[in-house]
Amino acid sequence: MKFLKKLFQSLKNLITCLILVFVTIFMINNRQIVAIEFSPIPINNFETRLFVLMILFYLAGLITAFLIYSNSLFKSFIKNLQQKRKIQKLEKEIHDK
């Protein structure tokens, strides 16, 4: 069992290292400067690196997905809590008889 645990830990570390290598390569290959303009809105235009912009959009997507998923998690948590209370109440009724 310890072997499997160590194997999974090693795989996790390997995958983490691979992701870091890919992110580094991505950042090196996308160093172009991108100008962002808000033409109808009177906001100052700004320039940033392409990889920064892409990472920001990626993080915004992750946060959005987490919020959507957490809503269903919250609902299922409340449903499970209600069912546990109902089970405890029914068990108490059985023991009282």
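Please treat every number below as a calculation from the coordinates, not as lab data. What you see is a predicted model, and the numbers here were worked out from it, not measured in a lab. Ideal geometry is used to build each Cβ from the backbone, glycine not excepted, and the neighbour counts take in all protein chains shown.
Among the GluC sites (Glu not before Pro) in region 5-97, those placed in a DSSP loop whose Cβ has at most 15 other Cβ atoms within 10 Å are GLU37.
The label-point distance for ILE63 and PHE26, in a model that sets each label 7 Å from Cα toward Cβ, rounds to 1.7 nm.
The gain in end-to-end length when the LEU81 to PHE3 segment is fully stretched comes to 24.4 nm, 0.36 nm per residue minus the alpha carbon separation. This structure gives mean projected area of the Cα convex hull in nm², computed directly, and of (1) 13.0; (2) 6.3; (3) 12.6 that value is listed as (1). Report summary: the helix-based calculation at 222 nm, which adds -39500 (n - 2.57) for every DSSP H run with n ≥ 4 and divides by the residues of the chain, gives -28500 deg cm²/dmol.
Helix 50-96 and the long axis of the chain differ in direction by around 0°, with both axes built from C-alpha atoms.
Estimated at 0.36 nm per residue, the fully extended path between VAL34 and THR16 surpasses their Cα-Cα distance by 3.6 nm. Counting only alpha carbon atoms, the long axis of helix 2-29 and the longest principal axis of the chain meet at about 30°.
Residues whose amide H falls under 5 Å from that of ARG49, counting only those 5 or more places apart or on a different chain, are VAL34, with hydrogens built in the peptide plane.
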